[in-house]
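Report on the following structure.
Any read-out appearing in this document is the output of simple, stated calculations on the displayed coordinates, not a laboratory observation. Only a predicted model underlies this, so the values are computations on that prediction, with no experimental measurement involved. Here the Cβ is made from the backbone with ideal geometry for all residues, glycine too, and neighbour counts use every protein chain on show.
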Amino acid sequence: MKFICMVCAWLLALTAQAACLGDPQASKTYSFDVVPQYTASKIYSTWAPVLQRVGKEAGLCFDLRVAANIPDFEQVLLRGDAQFAFVNPYHAVLAFQKKKYAPLLADGRELLTGILVIRKDSGIASVEALKGKTVAFPAPNAFAASLLIRAELARKHVDIQPVFVKNHSNVYRAVIAGDMKAGGGVNNTLNSEAPEIQDKLMVLYETQAYSPHPVVTHPSIPSELRAKFLKAMLSLTQDAEGQKLLDGININQPKAVNYAQHYKVLESLKLEKFLVLSNP
């Protein structure tokens, strides 16, 4: 029995070490949840090396977690189960209102816009031509790619049939395949797609620009730990390898952000009627 317990302890230690991105000597592992705009493989391949380097520099250990879809991610966030999280701007509003998550950093180079894309050869010339058509969106509560676009189409009295296809990559491919007449996305995810994807699509409509996706932290995260993480992220801009890591996660030029200055303005958009939330 003692031997079995020793083996179990050894396996648990190996599992914990494997889950640690960053400093394996850190006294605690912090969860880091990323909104699944892309496939899980792409998120792991871009975020894991960032957290590995940032964690080592800051003396922190992270467990990168990717939910199966955006609604599942929202459940984790709005229950307060995420310690660090990369969220869309309206998630930042909901997380602040419900659990007092605090925005920490976001990209300072490019603002976020919602876009409606169509096939270049579709012959569609205006959003009015989408009345009654099927339009793909990543998820009901994706901010610029879904909430914002659906709200603006409603204001224009353009009634559509929304179909939710889990992530931005699926949206673009569904439009190219002809399964959907149009699709909602955002400027930076389209720009991250392969040239052969971008070349087949055209932006039909673009929304106003807003502060982009932030990293937010649970209120239990101490200010000194937030400061260490921020400093380590900012340091990535100092060398070519670090800048390449930042480009991979669409935080090309990280800057400090806060709720009052950068995200509170989204409350005035009155997007509540378009939200689809389960009880966390």
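Result for the chain in a Gaussian network model with C-alpha springs under 10 Å: among Ala92, Ala174, Ala136, the largest mean-square fluctuation is at Ala174.
Within the straight-line cut-off of under 20 Å between alpha carbons, the lysines reachable from Lys181 are Lys120, Lys131, Lys133, Lys156, Lys166, Lys200, sequence neighbours fewer than 8 places apart in one chain being disregarded. Packing around the peptides 239-246, 254-261, taken as the average count of other Cβ atoms within 10 Å per residue, puts them in this order, highest first: 254-261, 239-246.
Gyration tensor over the Cα atoms of the range 126-178: the corresponding equivalent ellipsoid has semi-axes (square roots of 5 times the eigenvalues, largest first) of 18, 14, 8 Å.
Of the residues Arg79, Arg155, Arg53, the one with the fewest other Cβ atoms within 10 Å heads the list, and the complete ranking is Arg155, Arg79, Arg53. As a rough footprinting exposure proxy, the listed residues Glu272, Glu193, Glu110 were ranked by other beta carbons within 10 Å of their own, and the order from fewest upward is Glu272, Glu110, Glu193. Bridge orientation summary for the range 114-206: considering DSSP beta bridges with both residues in this region, about 60 percent are antiparallel. Taking Cα centre as origin and charging only the Cβ of basic (Lys, Arg, +1) and acidic (Asp, Glu, -1) residues, the dipole magnitude of the range 114-206 rounds to 220 debye. Pairs of alpha carbons in the range 80-145 separated by more than 18 Å make up 55% of all such pairs. Over all pairs of different C-alpha atoms in the range 114-206, the reciprocal of the mean inverse distance, the Kirkwood hydrodynamic radius, equals 12.6 Å.
Could you work out the helix-only [θ] at 222 nm for the chain, with each DSSP H run of four or more residues adding -39,500 (n - 2.57) and the total divided by the number of residues, to the nearest 500 deg cm²/dmol? Helix contribution divided over all residues of the chain: -11500 deg cm²/dmol. Pairs of Cα atoms under 8 Å, at least six residues apart: use those to get the relative contact order of the chain, whole percent. Answer for the chain is 26 percent.
For Arg65, the residues 5 or more places off, or on other chains, whose built amide H falls under 5 Å of its own are Phe32, Asp33, Val34.
Against the empirical 2.2 N^0.38 Å (N residues), the chain has a Cα radius of gyration ratio of 1.06.
Calculate, in nm to one decimal, what Ala260 and Asp121 gain on full extension: separation in residues at 0.36 nm each, minus their alpha carbon distance. Result for the pair: 45.7 nm of gain on full extension. Going from the residue with the fewest nearby Cβ atoms within 10 Å to the one with the most, Val158, Val215, Val163 rank Val163, Val158, Val215.
Site pair Leu275 and Ala209 shows an inter-label distance of 2.8 nm when each label is modelled 7 Å from Cα along Cα→Cβ. Restricting attention to the chain, close to 60% of DSSP beta bridges with both partner residues there are antiparallel. Among Pro71, Pro214, Pro138, whose mean-square fluctuation peaks in a Gaussian network model of the chain (Cα, cutoff 10 Å)? It is Pro71. Under the rule a/c < 1.5 gives rounded, and otherwise a/b versus b/c splits prolate from oblate, where does the range 159-280 land using the Cα gyration tensor? It is oblate, given that a/c is not under 1.5 and a/b is not larger than b/c.
Length available on full extension from Val163 to Val76: 0.36 nm per residue minus the Cα-Cα distance, which gives 29.0 nm. Largest GNM mean-square fluctuation among Ala106, Ala232, Ala177, using the chain with Cα springs under 10 Å: Ala177.
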